[in-house]
Structures are given as C-alpha cells and as structure tokens.
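Reading through the structure tokens given below for one structure.
The values are calculated or read from the model by the stated rules, or taken from the named source; none is laboratory data. For clarity, every value in this text was computed on a predicted model and none was experimentally measured. Cβ: placed from backbone, ideal geometry, glycine included. Neighbour counts: every protein chain shown. Just so you know, the surface numbers come from the protein's heavy atoms only, side chains and all, with ligands and any DNA or RNA stripped out. Shrake-Rupley method; radii C 1.70, N 1.55, O 1.52, S 1.80 Å.
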Amino acid sequence: DDFTDACAEKAIRLVWEYLERAVLDGSDMEAREHMHNASCLAGIAFSNASLGVCHSMAHALGAHFHIPHGRSNALILPHVIAYNAGLEENGENEALLRYEKIMLGIGGGTPKAAVHGLIRHIRNLMKRIGSPAYVTDLSVEREAFEEAIPQMAEQALKDNCTATNPRVPEKQELEYLYKKLCKGGIV
C-alpha cells in the first residue's frame, strides 16, 4: 500500500542518515529526534503491514538469550535480506526488486548486485556503531545456541510475523539462518 510504503521508506532513510550520529554522540539531539521519528514511522508502517521473519526470529532469539529486540533484529537483518531476496538462488523475485527499489543511493549493475551492496553497507554501518555481527560476540555460549536452534526455528515459524514474510520459510531454512549467527558457522 502506498501509505505504508511511504512510512517505511522514510523510516529507512532516516535511520540510514541518523543512526550512526545518534549512537556515536548521544547528545546530538537532531539525530535523536530523527531516530525517534523513524521509530514512529516504522511503527505506523508495520502496524498496517505487519513484519516478517526477521522479527519472528528476533522474538525467539531474544526470548532464549535475553538479547534486546533491536539488537536481535540487527544480527539477523543481513541474513534475512539475503534469504528473502533469493540471493543464493537463480532468478529474481518480488522481494529482491523491492529491496533494490529502496537502495538508499547504493547502485549495482543488477538487482542482486545492488542487494549485495545494501547488505555490505548494513554490515559496515553495524561495525561503525559497534553492533556485534554474531551471537557469540554477545557472550552467548556456542553450544547453548546450537542446542536452541531447532526450538527457536519452530517458535519463529509459528510467530504471527512470519505470515507476512515475502517468502514462506521452512523450519530448516530458519535453522540455516540462525546458524549464520555464529562466527564461523556451525558444521
């Protein structure tokens, strides 16, 4: 819907422009105001369109390991973008083309190249603001995490947010995405 997309796209642009400033200088009131507005706009968007598997997985991850919801989403986001866009598959899908459309000025010769660029930029932003890339960077024991993966995947699959994900995931796919949250992966 045009209104939901407008709110979501504006929220994304505000976060992209002001998150780093707000994190690196908590006294930057302009950046904090824009982040507050981005949060509100995102809330308006998802109250109308719901969310997706990133939030479903973050709900389960946070519940199991007491990781704040925003941090859980940040850990999972690059992997879910790649999954939804079908970057490991042949061809193009609607999610890929939607991610390409909101690229924040990040170009690419093909839609897949553009989305790879988006993911790279997200990871770089996470590094700059000190956001960990792996659960193992958060003092989560690898063995406990590995053991929890099947149950977290099951919970995420049943979560209401999963119903509006652009791709319909299987439990094994969610387990695979969770495995990517361990440095070096899981064998």
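Does Lys183 satisfy being basic (Lys, Arg) and either touching a strand residue (DSSP E or B) at 6+ places or on another chain (Cβ under 9 Å) or at pLDDT 90 or above (or both)? So Lys183 fails the test. Being within 15 Å of the chain's Cα centre (by Cα), surrounded by fewer than 18 Cβ atoms within 10 Å (Cβ to Cβ) and in a helix (DSSP H, G or I) is not true of Arg21.
Every residue, every condition in (1) in contact (Cβ under 8 Å) with a residue 24 or more places away in the chain; (2) surrounded by fewer than 18 Cβ atoms within 10 Å (Cβ to Cβ), yes or no:
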{"site": "Phe3", "(1), (2)": "yes, yes"}
{"site": "Glu17", "(1), (2)": "no, yes"}
{"site": "Gly26", "(1), (2)": "no, yes"}
{"site": "Leu41", "(1), (2)": "yes, no"}
{"site": "Gly70", "(1), (2)": "no, yes"}
{"site": "Val80", "(1), (2)": "yes, no"}
{"site": "Glu88", "(1), (2)": "no, yes"}
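A count restricted to region 50-68 and to residues that are open to solvent by less than 50 Å² (accessible area, probe 1.4 Å) and in a helix (DSSP H, G or I) stands at 10. Filtered by the rule that a residue be surrounded by fewer than 14 Cβ atoms within 10 Å (Cβ to Cβ) and outside any helix (DSSP H, G or I), region 133-149 gives Ser139, Glu141.
Just the residues that are assigned to a helix (DSSP H, G or I) and among the β-branched types (Val, Ile, Thr), please, taken from region 150-187.
Step one: of region 150-187, the residues assigned to a helix (DSSP H, G or I) are 150-158, 160-164, 171-179.
Scanning region 150-187 gives Thr162, Thr164.
For beta carbons closer than 6 Å, sequence separation of 6+ or different chains, a first residue in region 154-166 that is within 9 Å of His55 (Cα to Cα) and open to solvent by less than 40 Å² (accessible area, probe 1.4 Å) and a second that is at pLDDT below 95 and hydrophobic (A, V, I, L, M, F, W, C), the qualifying pairs are Cys161/Leu51.
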